[in-house]
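Quick notes on the structure that follows.
Where a number appears in this text, it was derived from the coordinates with a stated rule and is not lab data. Model, not experiment: these values are computed from the prediction. In this analysis, Cβ positions are derived from the backbone assuming ideal geometry, glycine residues included, and neighbour counts consider all displayed protein chains.
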Amino acid sequence: MEPRRVAPVLGLCALLAADAVLIGWAFRGTSVDPAGATAGRSVSSSASSASPSVTGSSDAPAVKVTNLTRFVAPVGPEIAWVVESGTCDEPGTMWVTADGGGSWARTDLPGRVVRAKPSSVASGFVTGGDAKCALRLWNTGDAGESWSDPTGAEEAWSRQPENDRDVHTPSDLVVKPCTDSEVVDLAPLDARRARVLCLDGKVRATRDGGETWPRETTVKGALAVGIAEGSQGVVVRADASCAGGVLVSSLSQGRLGRGRCVAATPVTGRVAVASAGSTWWLVVGDAVFRADAPTGPWTRTTADLGRG
């Protein structure tokens, strides 16, 4: 009789083991570092992210998606400009760091700036609206302490300061990459390649200087987008799995990959990401983070914006 009892017992044990594995997978989610992590520490954690054509959590925190009013323009691992756009009547502010975010120098902008392109800590240009909200370009050689007289922006990528649906291309054309939707974020790579995030969550990219903008993917609740060589990039969005923070997911060939939660509370219009070489910079409100890869980990700079 004893041998007849062994098979059922072994079968039951195998079934319980399989259930344990399935339960483990069911509860494996995006781990989140505690909010309020200390500056200078890594404040992100890895998670696997599926990549269907439409992604995003329907239970994501209620963060209004709108055109970026604060964005980052890095030169490398130590140098970056962060812009607060302001308006055409009341231009905003620019912060500059030369020590990886250890300190920030604050200067005034010459107009409503919607794009910045530094070439060093001191030199670069910005585009935006003058007092009449006409698109103009200004140069600086002293990190924004002074600005040149405004010139035309004929050869520059730029969002338009007065029309949130329009993008100016380096061939001096004005296009509508999102069709009837507004442009939340513009990430140029060179004269022919750029990526945009649309208000409806569509991510579109061009390889022909803005003549065509095929859709790469759609990400519900996306707040910002970045691009780098090899069509690599990231999408930033608020996600319920991040306990009030933001989820930064890699984007390659139109598909989302690995994601990391960053413990920083998103602020409407003030979440931005950009790359410079192998270094990525992320702005979430007043907090600034850096990473050596689009998948992180993200480390908070020792000084936040506004604190010097």
Task: J(HN,Hα) series, region 168-182, from Karplus relation 6.51 cos²θ - 1.76 cosθ + 1.60, nearest Hz, glycine and proline x - done: 8, 9, x, 8, 6, 10, 10, 10, 10, x, 9, 6, 9, 9, 7
Open item on the list: For Cα pairs less than 8 Å apart in space and 6+ apart in sequence, what is the mean separation divided by the residue count of region 31-300, i.e. the relative contact order in percent?
Closed with: 21 percent
- [ ] Would you mind ranking C261, C133 by Cβ crowding within 10 Å, fewest neighbours first?
- [x] C133, C261
Open item on the list: Students often get this wrong, so check it: of K64/K220; K176/K202; K64/K117, which have C-alpha atoms separated by over 19 Å?
Closed with: K64/K117
Open item on the list: Counting only other residues whose beta carbon sits under 12 Å from that of A293, what net charge do I get with K and R as +1, D and E as -1?
Closed with: +2
Task: Cβ-based exposure ranking for E182, E154, in which fewest neighbours within 10 Å come first - done: E154, E182
- [ ] Return the loop-located GluC sites (Glu not before Pro) in region 198-286 (DSSP other than H, G, I, E, B) with at most 12 other Cβ atoms within 10 Å of their own Cβ; answer none if there are none.
- [x] E211
Open item on the list: Just want to confirm a number: the relative contact order over region 70-215, from Cα pairs under 8 angstrom separated by 6+ residues, in percent.
Closed with: 13 percent
